[in-house]
Amino acid sequence: MTVSEREKSFGRILLLIVISLYLLAALFDPASAGQALMKSLSVLKNIAPVLLIVLFLMTLLSAYIQPQKIFHYLGRKSGLKGWGIALGGGVLSHGPGYLWYPILSDLRARGVNEGLIVAFFYARSVKVPWLPMMASYFGIAFTVILTFYILLAAVIQGKIAEKIIPPQSTI
């Protein structure tokens, strides 16, 4: 079973579990189950635009970026350029982390270095719009030093991940 088949199978099982739980809740407390369903649909309505953007980006990624280029820039032997892309991308990325999961999962399946994915997620803790506020409260030196250490820790975590996570096979 390939990674894609496992992901599809897991997704179907998860969907069946969620539907079963809603049905079970509806048996015991229909009013609360209805409220929960409405709340879930409201959340879906709010994140649908972002999901569409993620879908669009994944489509572009699949259509225009060859796996060889991705592997060259973000593969195991990508070097400092790969780390720079991962850290810069993490710092500049916005939105909830879980919306990045499909894109990063696809990149990982195409051979992107696991350490770079870990570094990307770790670097997301630096929020560019908040840096001026942080500097105003704590000072520029503190902000620069903290940001440096967060990015250094992102690289360290990424290097640890490279050592302990087995590489994915490319598509």
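The values are calculated or read from the model by the stated rules, or taken from the named source; none is laboratory data. Remember, predicted model here, so these are calculated numbers, not experimental data. Cβ atoms come from the backbone with ideal geometry, glycine included; neighbour counts cover every protein chain shown. Note: accessible area is taken over every heavy atom of the protein model, side chains too, but ligands, DNA and RNA are not part of it. Shrake-Rupley method; radii C 1.70, N 1.55, O 1.52, S 1.80 Å.
General remarks:
- Under a model in which nothing but the beta-carbon of Lys, Arg (+1) and Asp, Glu (-1) is charged, the chain shows a dipole of about 360 debye around its Cα centre.
- Available extension along the chain between residue 48 and residue 140 is 29.3 nm, counting 0.36 nm per residue and deducting the alpha carbon span.
- Positive-end residue, the chain charge dipole about Cα centroid, Cβ charges, pick of 97, 161, 15: 161
- Accessible area in square angstrom per residue, the chain, 1.4 angstrom probe: 69 Å²
- Under 5 Å between amide hydrogens, built in the peptide plane, is the criterion, and for residue 76 it picks out 113 among residues at least 5 positions away or on other chains.
- Expected-Rg normalisation [2.2 N^0.38 Å, Cα atoms] applied to the stretch 1-64: 1.50
- Between the Cα long axis of helix 79-92 and the first principal axis of the chain there is an angle of about 50°, rounded to the nearest 10.
- Once the Cα atoms are used to define both axes, helix 30-64 deviates from the longest principal axis of the chain by about 40 degrees.
- Over the stretch 66-171: Rg over Rh, Cα atoms, Kirkwood Rh: 1.02
- Rounded FRET efficiency, nearest 0.05, which uses the C-beta distance separating residue 165 from residue 26 and R0 of 41 Å: 0.50
- By accessible area, using a 1.4 Å probe on protein heavy atoms only, the chain has 74% of its surface on carbon and sulfur.
- The chain, relative contact order in percent, only Cα pairs under 8 angstrom and at least six apart counted: 21 percent
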